[in-house]
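The values are calculated or read from the model by the stated rules, or taken from the named source; none is laboratory data. Nothing here was measured: the structure is a model prediction, and the numbers come from that model. Here the Cβ positions follow ideal geometry from the backbone for every residue, glycine too, while neighbour counts run over all protein chains shown. For the accessible areas, the whole protein counts, side chains as well, though only heavy atoms, and no ligand, DNA or RNA atoms are used. Shrake-Rupley method; radii C 1.70, N 1.55, O 1.52, S 1.80 Å.
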Amino acid sequence: MENPFISIIIVNWNDKERTVNAVKSLLESTYQNFEIIVADNNSEDESREALAEIDKVKVVNTGGNLGFGPASNVGYEHSIKKDFIFICANDSEIESDCIEKLVKAAKENPECGIFSPVEYELSDKETIQQFGCKIDFFGFPYGLTHTR
């Protein structure tokens, strides 16, 4: 897979400013073969309208506040191609080479199925919020955390 297509899914609920900021950081990515799908949990602010005006963004109304997991699934159902899925929190800002590095890691490690960037606190970019996760016997993920 030379240049895989990435479907980026963001869940939003009444958080226009953060979601728009997350989208803007994604659009500055050095890797550009992607679509952005915002699964909106029936926001009552102007989120859907603001996001619909941004190129490369498809806004899907989930019809209600489904929560993060089910809304992510709605976004997935509306993706164009499914080479890779990148689920991104709406309060994220990514480095410009983040997606490029994730694609490179996936190509170099085809035996792995899930990749995640290191997540730093937005308010303190020196503090790691999470770096991957482990999955328990029942399939529930638990974030691996560390500070400074």
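Extent along the principal axes, Cα only, for the stretch 12-64: 33, 18, 14 Å, with the longest axis given first. Direction-averaged projected area, Cα convex hull, the stretch 6-125: 7.3 nm², rounded to one decimal. Working note: Karplus 6.51/-1.76/1.60 with θ = phi - 60° gives the stretch 97-107 the couplings 9, 4, 5, 4, 5, 5, 5, 4, 4, 5, 5 Hz, where Gly and Pro are set to x. Ligands, DNA and RNA left out, the accessible area of the stretch 5-74 computed with a 1.4 Å probe is 47% carbon and sulfur. Electrostatic bookkeeping for A106 treats Lys and Arg as +1 and Asp and Glu as -1; over the other residues with beta carbon under 13 Å from its beta carbon, the sum is -2.
Considering only the other residues whose Cβ falls under 14 Å of the Cβ of Y76, what net charge follows from Lys and Arg at +1 and Asp and Glu at -1? With Lys, Arg at +1 and Asp, Glu at -1, the net is 0.
As I understand it, the dipole of the stretch 71-117 uses +1 on the Cβ of Lys and Arg and -1 on the Cβ of Asp and Glu, about the Cα centre. Which of C88, C98, N73 lies farthest toward its positive end? Final value for the positive-end residue is N73.
Sites listed here are chymotrypsin sites (Phe, Trp or Tyr not before Pro) in the stretch 1-95 whose DSSP assignment is loop and whose Cβ has at most 16 other Cβ atoms within 10 Å: F5.
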